[in-house]
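Asker: Before anything else, here's the structure in question.
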Amino acid sequence: YIKGSFDKGLLSQNLLTLKKDVQSGTATLHALLTKEEALKTINAILDDPILKNYKIVESKNDNISTAIFRDTADYGKNDNVLIIRGTAGDRLTWHDNFGNILKAETNLASKMNTYYAEISKKYNITQVSGHSRGGNEAQRFTIKYGNNVEQCISFNGQGFTDEFIKNNKVLMVL
């Protein structure tokens, strides 16, 4: 992924700024993402007739970063997409990841639940997606706060403890 945060406003404007940063070498690329792959991804979004019109209505950039997007041409449906980034690579988040194996709810998960409760009241979130820990959080949001979620896409998200499943089974379709 590319380190940084986006401002509220059109996704395309944020991506044009990010594209310049990637081209100049001032953007921080993490994992095995190359400059060429980053630019290819950015250009694919900018060239997409739907994605380029998405607007960032809220973002949160900390241990688990999130962004809420809305299609500016959604024809009055007011649908929002919640995207959740995976582990940032810091010690706190990785420690919390391992805690997820042992506990139904870690400290970080508890903080995220508070945030999810707030945004689920504020926005009509119909789609949720995330990768790795973000995928796990996408599932958590959908289970606990996703009354309006039509689609949850989790890429390589870790599972849940038996205790979490037991505590939330009435919310889950097993």
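The values are calculated or read from the model by the stated rules, or taken from the named source; none is laboratory data. From a predicted model like this one, the values you see are computed outputs, not experimental measurements. Positions of Cβ are backbone-derived with ideal geometry, glycine not excepted, and every protein chain shown enters the neighbour counts. Please note that ligands, DNA and RNA were not included when accessible areas were found on the heavy atoms of the full protein model with its side chains. Shrake-Rupley method; radii C 1.70, N 1.55, O 1.52, S 1.80 Å.
Asker: Using only DSSP helix segments of four residues or longer, with each worth -39500 (n - 2.57), what per-residue ellipticity at 222 nm results for the chain after dividing by its residue count and rounding to 500? Before the final figure, lay out the partial values.
Answerer: Details: 6 runs with 75 residues, N = 174.
Mean residue ellipticity, 222 nm, calculated: -13500 deg cm²/dmol.
Asker: In Å², and per residue, what accessible area does the chain have when probed at 1.4 Å with the other protein chains present?
Answerer: Accessible area per residue, the chain: 59 Å².
Asker: With the cut-off at 20 Å, tell me which of the pairs 60/121; 121/144; 8/40; 144/169; 19/55; 8/111 have Cα atoms farther apart than that. Can you show the working numbers first?
Answerer: On the way: 60/121 16 Å; 121/144 13 Å; 8/40 23 Å; 144/169 10 Å; 19/55 17 Å; 8/111 22 Å.
In this structure, 8/40; 8/111 exceed 20 Å between Cα atoms.
Asker: Right, here's the next one. Take the solvent-accessible surface of the protein heavy atoms, probe 1.4 Å, and return the percent of it on the chain that carbon and sulfur atoms account for.
Answerer: Here it works out to 53 percent.
Asker: Taking 30 Å as R0, compute the FRET efficiency from the Cβ-Cβ separation of residue 91 and residue 163 and round it to 0.05.
Answerer: Between residue 91 and residue 163 the formula returns 0.75.
Asker: A follow-up question, please. May I ask what percent, to the nearest 5, of DSSP beta bridges between residues of the chain are antiparallel? Don't skip to the answer; put the middle values down first.
Answerer: Working: 15 of 26 bridges.
Around 60 percent antiparallel, to the nearest 5.
Asker: Give the distance, in whole Å, between the Cα centre of the range 109-174 and the Cα centre of the range 53-71.
Answerer: The distance from the Cα centre of the range 109-174 to that of the range 53-71 comes to 16 Å.
Asker: Now, a different point. Can you tell me the relative contact order of the chain? Whole percent, Cα pairs under 8 Å, sequence separation 6 or more. Present the calculation step by step, with values, prior to reporting the outcome.
Answerer: Details: 273 pairs, mean separation 28.6, N = 174.
Value for the chain: 16 percent.
Asker: Shifting gears a bit: Counting pairs of alpha carbon atoms under 8 Å apart in space and at least six apart in sequence, what relative contact order in percent does the range 116-174 give?
Answerer: On the way: 73 pairs, mean separation 21.1, N = 59.
For the range 116-174, the relative contact order is 36 percent.
Asker: Shifting gears a bit: For a test of the definition: using alpha carbon positions, the gyration tensor, and the 1.5 limit on a/c, classify the chain as rounded, prolate or oblate.
Answerer: oblate
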